[in-house]
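The values are calculated or read from the model by the stated rules, or taken from the named source; none is laboratory data. Predicted model only: the values in this text are computed from it and were never measured. Here the Cβ is made from the backbone with ideal geometry for all residues, glycine too, and neighbour counts use every protein chain on show.
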Amino acid sequence: MDKRYLDTEGLPFCKGCSHHLIARAADKALAKLGIDPLDVVIVTDIGCHGIIDKRFSTHTVHGLHGRSIALAMGISASLNDPRKKVLVFIGDGGTTIGINHLIGAAHRNIDMTVVVHNNMLYGMTGGQRSDLTPGAFRTRSPIEGFTEKPLDVLRIARDSGAAWACRIAAHGDISDAIVEAMRAPGFALLEVLEICPSYGVKENRELKVTEMEEKLGLPLEKHVNEHPATADVAPRAGVRSLLEGLAPIPVRHGHSLEGPLTIMISGSAGEGVQSAADIFVTAAISCGLEATKKSAYPVTVGVGFSTAVVTVSPARIEFTGVRKIDWALASSADGMQYLSKHIEGMGGGTVMADASNAPPATAAAVKSADFRGAVPPKEVNLLMLFTLLEMSGIFPPEAFADAIAGTKLGARIDPQRLIEAAKVIGSTIG
Ligand SMILES: Cc1ncc(C[n+]2csc(CCOP(=O)(O)OP(=O)(O)O)c2C)c(N)n1
Ligand code: SF4
């Protein structure tokens, strides 16, 4: 068998778990379809079944619990290409949590195959029952069973308009069922009945996977919708890329940088940290440098810290994470609080801080000045970046001033004043 899709070395599941059987069957089904691994997107949900994704050589996306079908909808609709296959792995827990996504995708008949790993319980969190668990299946919570009628996901999919829906037991070679599901024109659901060996076997000693149909009242049925209503997804042709409207930044200045340089600038929400960093990046590009920027701030964006990580480099930037901080700039108490642990870990480089907040002990050179006393709060981050340019000379402050003039800040701020203030501070602390 062709093994291009699944690396079977060290599969992650407990011994005897049928998630193995499904993963291997998916591998075999993809080989039978002869599809290029890069034409397949496997979207996994949270749960034991989902930790298989790193073993697949296809594209993989690991979603939030219950949301993998919603992600797959977006992926499938934006690919909008029947040659690309979207395969969702989800547990009965995730199916329960995200049932509305399943109904929505089936209703619109979005092209994807959903494999519901129905092992009758939440495996990863220790065996709690899900809404798909029949009363006759005993779980640890509650051990005495449950009288509520379970949801029948097969019929939900069928009644919502799925092109194809089938329930099978995790027994033998199920790859043909996966192939059939993936060939269905639109939304296909394959529910695979399993028993979790770690949390389901001891409580249900008498039950075998081949008896689940009869003992749990889960008919192994297949429903093929002869007239599935296909989703009306707008064709991709003519859709503008978000990048299309962006004009290239012309190179107008020079630089003196010989290697990559990483700057962390951190301050308070609402004081323009992100826009200062954005403009700095534009300025760096206008000097012929490569530049990247990443941001960190709380979900409540109007309070607390706001941090930007900027890397500038004369060569292409392949890694956008932080290997080494060269400059740490803290413009406020919030900013210093966020940066403290990074500053403590710096083995060299420079910390520039507003005088109101002393940095923790560090091997970096510390430069403090009254930045907040020199300009209004909304300009303090720009001033710190001008001071960095003044002290480092990596590119001319005029490039930063030009970049400011090109934004709506240009109408409100006089960069020349900031350049002069940076010169004064730079000569004091430099
Ligand atoms: C929204 C949300 N709720 C709860 C959890 C906690 N959680 C993690 S895994 C899991 C159970 C997964 O069970 P299932 O989807 O059936 O997959 P299995 O582990 O059985 O393969 C739960 C409840 C979570 N991660 N996210
Ligand atoms: S806990 Fe259950 S579902 Fe999870 S890997 Fe182990 S046997 Fe499989």
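Within region 29-47, can one find any residue that is within 12 Å of ligand 1 (Cβ to nearest atom) and either surrounded by fewer than 21 Cβ atoms within 10 Å (Cβ to Cβ) or farther than 19 Å from Ala181 by Cβ (or both)?
Scanning region 29-47 turns up at least one residue that is within 12 Å of ligand 1 (Cβ to nearest atom) and either surrounded by fewer than 21 Cβ atoms within 10 Å (Cβ to Cβ) or farther than 19 Å from Ala181 by Cβ (or both).
Please specify each residue of region 55-113 satisfying the condition of being small (Gly, Ala, Ser), in contact (Cβ under 8 Å) with a residue 24 or more places away in the chain and over 18 Å from Ser160 (Cβ atoms).
Ser57, Ser78, Gly91, Gly93
Can you tell me which residue among Pro250, Pro228, Pro260 is at pLDDT 95 or above, surrounded by 18 or more Cβ atoms within 10 Å (Cβ to Cβ) and over 30 Å from Asp370 (Cβ atoms)?
Going through Pro250, Pro228, Pro260 in turn, just one is at pLDDT 95 or above, surrounded by 18 or more Cβ atoms within 10 Å (Cβ to Cβ) and over 30 Å from Asp370 (Cβ atoms): Pro260.
Within region 157-188, can you find the residues that are of a type in the set (Gly, Ala, Ser), closer than 18 Å to Ser18 by Cβ and crowded, with 18+ Cβ neighbours inside 10 Å?
Correct list: Ala169, Ala170, Ser175, Ala177, Ala181.
Would you mind finding the one in Arg83, Arg140 that is surrounded by fewer than 22 Cβ atoms within 10 Å (Cβ to Cβ) and either over 28 Å from Val40 (Cα atoms) or of a type in the set (Gly, Ala, Ser) (or both)?
Result of the check over Arg83, Arg140: Arg140.
Restricting to region 92-150, what's the tally of residues that are of a type in the set (D, E, K, R), more than 12 Å from ligand 1 (Cβ to nearest atom) and closer than 23 Å to Tyr199 by Cβ? Give the derivation first.
To start, the set of residues in region 92-150 that are of a type in the set (D, E, K, R) comprises 92, 108, 111, 129, 131, 138, 140, 144, 148-149.
Now drop any that are not more than 12 Å from ligand 1 (Cβ to nearest atom), which leaves 108, 111, 138, 140, 144, 148-149.
Okay, now just the ones that are also closer than 23 Å to Tyr199 by Cβ, so 138, 140, 144, 148-149.
Residues in region 92-150 being of a type in the set (D, E, K, R), more than 12 Å from ligand 1 (Cβ to nearest atom) and closer than 23 Å to Tyr199 by Cβ: 5 in total.
In region 194-218, which residues are touching a strand residue (DSSP E or B) at 6+ places or on another chain (Cβ under 8 Å), within 16 Å of ligand 2 (Cβ to nearest atom) and in contact (Cβ under 8 Å) with a residue 60 or more places away in the chain?
Correct list: Glu194, Val209.
Are there any helices (runs of 4 or more DSSP H) wholly within region 315-409 with 1 or more residues that are assigned by TED's automatic domain parsing to the domain that holds Ile279, basic (Lys, Arg) and crowded, with 18+ Cβ neighbours inside 10 Å, and if so which?
Helices (runs of 4 or more DSSP H) meeting the threshold: 371-374.
What number of residues within region 279-300 satisfy the criterion of being in contact with a Lys or Arg (Cβ under 8 Å, 6 or more places away or on another chain) and farther than 19 Å from Ile419 by Cβ?
Residues in region 279-300 being in contact with a Lys or Arg (Cβ under 8 Å, 6 or more places away or on another chain) and farther than 19 Å from Ile419 by Cβ: 1 in total.
Out of all the residues in region 323-337, which are within 26 Å of the chain's Cα centre (by Cα) and more than 18 Å from Ala363 (Cα to Cα)? Please lay out each step first, then the result.
Going through region 323-337, the residues within 26 Å of the chain's Cα centre (by Cα) turn out to be 323-325, 335.
Within region 323-337, Gly335 is the sole residue that qualifies.
Tally the residues that are in contact (Cβ under 8 Å) with a residue 40 or more places away in the chain, buried (at least 20 other Cβ atoms within 10 Å of the Cβ) and of a type outside the set (A, V, I, L, M), restricting the search to region 1-24.
Count: 4.
Can Ile51 be described as surrounded by fewer than 21 Cβ atoms within 10 Å (Cβ to Cβ) and assigned by TED's automatic domain parsing to the domain that holds Glu180?
Yes: the conditions hold for Ile51.
So the check is Cβ under 7 Å with 6+ separation or different chains; which pairs have a first residue in region 25-52 that's over 19 Å from Ile69 (Cβ atoms) and modelled with pLDDT under 95 and a second one that's away from ligand 1 (no atom under 16 Å from the Cβ) and in a strand (DSSP E or B)?
Final answer for the pair search is Leu38/His59.
Counting residues that are over 29 Å from the mean Cα position of the chain (by Cα) and more than 16 Å from ligand 1 (Cβ to nearest atom), which strands (runs of 3 or more DSSP E) fully inside region 152-251 reach at least 2?
164-169, 222-224
Quick grid of which residues meet (1) hydroxyl-bearing (Ser, Thr, Tyr); (2) free of Cβ contacts under 8 Å to residues at least 24 places away in the same chain; (3) part of a loop (DSSP other than H, G, I, E, B); (4) over 13 Å from Trp327 (Cβ atoms):
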{"residue": "Ser266", "(1), (2), (3), (4)": "yes, no, no, no"}
{"residue": "Ala277", "(1), (2), (3), (4)": "no, no, no, no"}
{"residue": "Ile285", "(1), (2), (3), (4)": "no, no, no, yes"}
{"residue": "Ala291", "(1), (2), (3), (4)": "no, no, no, yes"}
{"residue": "Ser295", "(1), (2), (3), (4)": "yes, yes, no, yes"}
{"residue": "Gly302", "(1), (2), (3), (4)": "no, no, yes, yes"}
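For region 25-133, give me every one of the strands (runs of 3 or more DSSP E) that falls completely inside it and has 2 or more residues that are within 16 Å of ligand 2 (Cβ to nearest atom) and under 23 Å from the mean Cα position of the chain (by Cα).
The strands (runs of 3 or more DSSP E) meeting that bar are 85-91, 112-118.
Take Leu154 and tell me if it is crowded, with 18+ Cβ neighbours inside 10 Å and within 19 Å of Asn225 (Cβ to Cβ).
Working: crowded, with 18+ Cβ neighbours inside 10 Å: yes; within 19 Å of Asn225 (Cβ to Cβ): yes.
Yes; evaluated as a whole, the condition is true for this residue.
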